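Derivation of every value follows stated rules applied to the coordinates shown; laboratory data play no part. Note that the structure is predicted; figures quoted are calculated from it, not measured. With ideal geometry, Cβ positions are generated from the backbone for all residues, glycine too; neighbour counts draw on all protein chains shown.
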Amino acid sequence: MTRFFLLLIFMILMMKGLFAQTLYLIPGTGADHHLFDRLDLADYKTVHLDYIEPKPKEEFEQYISRLAERIDTTERFALIGVSLGGMIVTELAEQLQPEAAIVIAGAKHRNELPTTYRIFRHLPVYHLIGGRTMRWSTKRLQPLFEPMDEEAEWLFKDMLNAKSSAFLRAAVRWMIGWERTTYSDSIVHIHGTKDHTLPTKFITADHLIEGGGHMIVYTHASEVNRLILNILESDN
């Protein structure tokens, strides 16, 4: 009898691993897989969809298509994206039909972007700013506006340093020129009330994290983690 129960438990664990969703984690513009270090998603297989280098003058849709090639749609999967990654999740949600799509500190359509983005659409002076200048100014200004502890600030700057100038320039161009006006009803949006990069006054979020800034996936990891697990479990 004991052997039978041990075998049963083993089979259940094997089946759980076999049929668990694969979570594709997509970071923000200046981030990489380290952004998700404080999350505990051990019950799921996780794949970090870190950014690849853009081709010269590559359009957002073309770039997303190249990222999508790294997603195995023959298995159960879910998408989780932060900031720019959230915009990518919004695009992929309609193309790939994931079992769950979660946007964190991101935007689901262009009207959720701040007014400055819309101004730059018609006054594209950002073309005159180089990638190195973007990196330098972001490292100094972002911590002034976004609430983050010392460790989070160090990580933010370290990840940003690793980004190429070509990618940073392309990412800014993609965000400012984003055309999307609708989004899938299946998307669940998590946002911080103190996000100054993408202010909540422009956002329609399903879950608001009090006091959270643009790096809530790191600074408020336990709250974000709980929400992610609840969302994934409700979709099973």
> Per-residue HN-Hα couplings for the range 178-194, Karplus 6.51 cos²θ - 1.76 cosθ + 1.60 at θ = phi - 60°, whole Hz, x for Gly and Pro?
Replying inline: 4, 9, 4, 10, 10, 8, 5, 5, 6, 6, 10, 10, 10, 9, x, 6, 10
> Label-point separation (nm) for residue 95 and residue 149, each offset 7 Å from Cα along Cα-to-Cβ?
Replying inline: 3.7
>> When a/c reaches 1.5 or more, the comparison of a/b and b/c decides; with that in mind, is the range 154-218 rounded, prolate or oblate per its Cα gyration tensor?
In response: oblate
>> If packing is taken as the average count of other Cβ atoms within 10 Å, what order do 171-178, 202-209, 189-196, 51-58 fall into, highest mean first?
In response: 189-196, 171-178, 202-209, 51-58
> Rounded to the nearest 0.05, what FRET efficiency is calculated for residue 157 and residue 53 with R0 set to 25 Å and r the Cβ-Cβ distance?
Replying inline: 0.75
>> Within the range 179-194, name every residue whose backbone N is under 14 Å away from a label modeled 7 Å from Cα of residue 234 along the Cβ vector.
In response: 185-191
> Is the shape of the range 24-92 best called rounded, prolate or oblate, per the rule: a/c under 1.5 gives rounded, else a/b larger than b/c gives prolate, else oblate, with a ≥ b ≥ c the square roots of the Cα gyration tensor eigenvalues?
Replying inline: oblate
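Quote the relative contact order of the range 145-230 in percent (integer), defining contacts as alpha-carbon pairs under 8 Å separated by 6+ residues. Intermediate results must be reported in sequence, preceding the final value.
Numbers: 76 pairs, mean separation 27.4, N = 86.
With pairs under 8 Å counted, the relative contact order is 32 percent.
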> Taking 0.36 nm per intervening residue step and subtracting the Cα-Cα distance, what contour gain separates residue 109 from residue 46 on full extension?
Replying inline: 20.1 nm
> Could you give the nm distance between label points at residue 165 and residue 196, where each point is 7 Å from its Cα heading toward the beta carbon?
Replying inline: 2.8
